[in-house]
């Protein structure tokens, strides 16, 4: 079946949604696993971080391959890896170390689908405003993660945590089938010689140096790192935070906390798309700075709302989710547009590597601060934990405004 070039976007959005269904499985089962395996908050955070560690290990290979072969091939392999990691968590994980292994494999699978999926689009879309396709693709990260919370929560309540990972493994498999049967290969292979991946291809330091010498591109990459640190830490711990809010207030939410976490994630989708449209009008760099400062304020306010009524907590949680995601598409689209054409692949690889490096650090930092500030049962510990992840966006804004990223460069 053949589609017009712009017709590939809905298919890739559907595939990405399926591929991301395993994203929040661990966040949903964090509390029961912590009790069953007797994990500290730091250990719980490190298991969440292992997902992003696997992503970071695999993304250099994945992005290097997309410069040589059709990204469709990389995507197919990534879907299989993600399913294997989820099945491993379901059938073989029984403690901290085994969970680290299979969560890393799941993260490696995401590395084979997320940026390669974006490359599938950029290689096939020849007309129209590419940044809008990119905005929709990045915004649908929230759709996939939102459904991940919802489906994982429903399965957990009905069957238990083993089934969460086992059934959700069909998500990445569905993404594999969508791309296999509905996305045709490129008409001409990018690389006709022998396929050799050398260390300098995986870590193209010279190209990365050129990328970072471009102040505009470098700003988007560092901004994306601060953005993902806050985003993934918040998403990894939001269910546990809601559980603490219910316990401390004595007032039950009107929906299951996993369902609420999923619904809140959906607000990030229009926020990311509309945020990109606002950025096109007022300037990408200016918008990023506004969003990051607002998100930091809302994060601290949310953490301070424990013990209050559920409507206040949910209002702040939705507002925080909106502003976390409001610059997501802007940061990625800004990097794609600003990077030089001959090093665009390397720039996207560095962008993804550093961004998910933030994702690696965020959940562990959050858990570590929870431990040293008084554990999950202490309200002030949650404030300190949220402060530890939102501060990076504030520091980024202060540094980049001083360096002239906003004032001296026109979007």
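Derivation of every value follows stated rules applied to the coordinates shown; laboratory data play no part. The shown structure was predicted, so the numbers you read here are calculated from the model rather than taken from an experiment. Note that we place each Cβ from the backbone using ideal geometry, even for glycine, and neighbour counts take in every protein chain shown.
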Quiz prompt | Ellipsoid equivalent to region 246-314 - semi-axes via the Cα gyration tensor, in Å | solution = 30, 15, 7
Exercise. Kindly provide the Kirkwood hydrodynamic radius of the chain in Å, to one decimal, from all pairs of distinct alpha carbon atoms.
Key: 21.2 Å
Exercise. For region 270-411, state the semi-axes of the equivalent ellipsoid (square roots of 5 times the eigenvalues of the alpha-carbon gyration tensor), sorted largest first and rounded to whole angstrom.
Key: 30, 18, 13
Quiz item: Could you work out the helix-only [θ] at 222 nm for the chain, with each DSSP H run of four or more residues adding -39,500 (n - 2.57) and the total divided by the number of residues, to the nearest 500 deg cm²/dmol?
Solution: -26500 deg cm²/dmol
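Could you give the C-alpha radius of gyration of region 132-176 expressed as a fraction of 2.2 N^0.38 Å, taking N as the number of residues it contains?
Relative to the 2.2 N^0.38 Å estimate, region 132-176 comes out at 1.36.
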Exercise. At 7 Å along the Cα-to-beta-carbon direction for both residue 36 and residue 399, put a label point, then send me their distance in nm to one decimal.
Key: 4.0 nm
Quiz item: In nm, to one decimal, how far is the modelled label at residue 180 from the one at residue 203, with both set 7 Å along Cα→Cβ?
Solution: 3.5 nm
Practice problem: May I ask for log10 I(q)/I(0) of region 25-87 at q = 0.16 Å⁻¹, from a Debye sum over the Cα atoms as equal point scatterers with solvent left out? | Solution: -0.65
Practice problem: Mind pulling the angle between the C-alpha long axis of helix 284-303 and the longest principal axis of the chain? Nearest 10 degrees, somewhere in 0 to 90. | Solution: 20 degrees
Quiz item: Given N residues in region 328-372, what is Rg(Cα) / (2.2 N^0.38 Å)?
Solution: 1.54
Exercise. Mind sorting 351, 133, 162 by how few other Cβ atoms lie within 10 Å of their own Cβ, fewest first?
Key: 162, 133, 351
Quiz item: Restricting attention to the alpha-carbon atoms of region 58-115, what are Rg (one decimal) and Dmax (integer), both in Å?
Solution: 12.3, 39
Quiz item: By average Cβ neighbour count within 10 Å, what is the ranking of 312-319, 204-211, 102-109 from highest down?
Solution: 102-109, 312-319, 204-211
Practice problem: Just the ratio, please: alpha-carbon radius of gyration of region 297-364 over 2.2 N^0.38 Å, N its number of residues. | Solution: 1.53
Quiz prompt | Sequence of 400, 187, 35 once ranked by neighbouring C-beta atoms within 10 Å, starting from the fewest | solution = 187, 35, 400
Practice problem: Evaluate the Debye formula for region 208-351 with equal point scatterers sitting on the alpha carbons, no solvent, and hand back log10 of I(q)/I(0) at q = 0.10, 0.11 Å⁻¹, in q order, two decimals. | Solution: -0.39, -0.47
Self-check item: 0 to 90° range, to nearest 10: angle between helix 344-373 axis and the chain longest Cα axis
Solution: 10 degrees
Exercise. Please report, in whole Å, how far the alpha carbons of region 14-129 spread along each principal axis, starting with the longest.
Key: 53, 24, 24
Practice problem: Determine one quarter of the surface area of the Cα convex hull of region 61-164, which equals its mean projected area, and express it in nm² to one decimal. | Solution: 7.5 nm²
Practice problem: Among 186, 255, 177, determine the one that fluctuates most according to a GNM of the chain built with springs between C-alpha atoms less than 10 Å apart. | Solution: 255
Quiz item: Which whole-angstrom value gives the distance between the alpha carbon centres of region 222-273 and region 343-406?
Solution: 16 Å
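What is the extension gain from residue 311 to residue 252, computed as 0.36 nm multiplied by their sequence separation minus the C-alpha to C-alpha distance, in nm to one decimal?
Using 0.36 nm per residue and subtracting the Cα-Cα distance, I get 20.2 nm.
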